[in-house]
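Each remark here refers to the structure printed beneath this line.
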Amino acid sequence: MKEGAAVSAVLAVVLLVFPWMAFPLSVLGLVGTGKATIDLFDAFWDGLSDPQRQELRTLAFDVGIALGRIYPPLPI
């Protein structure tokens, strides 16, 4: 948490000195948020057991979502 506060303080100073960097930093923030979301979902997926993964795939298929595009099917 201390590290996050330090980064926020440094970015605040950078934006005070270089206000034109607000847009590029905003874009980088969106990219970082997307990467963090993917990492979080990957960690969730890795934490599931094989029967849980198969059940999730079956339920997703029933509602029309193909998880096979994201995560390949389990080997038989």
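Considering helices alone, the calculated mean residue ellipticity of the chain at 222 nm is -24000 deg cm²/dmol, with DSSP H runs of length four and up weighted by -39500 (n - 2.57) and normalised per residue. Mind giving me the FRET efficiency for D39 and V17? R0 is 35 Å, r the Cβ-Cβ distance, nearest 0.05 is fine. About 0.65, to the nearest 0.05. Taking the number of Cβ atoms within 10 Å of each Cβ as an exposure proxy, the fewest-first ranking of V31, V63 is V63, V31. Considering all C-alpha pairs of the chain, those separated by over 21 Å amount to 51%.
Only the coordinates and a few stated rules stand behind these numbers; no lab work does. None of these values were measured; they are calculated from a predicted model. So basically every Cβ, Gly included, is an ideal-geometry build from the backbone, and we count neighbours across all protein chains shown.
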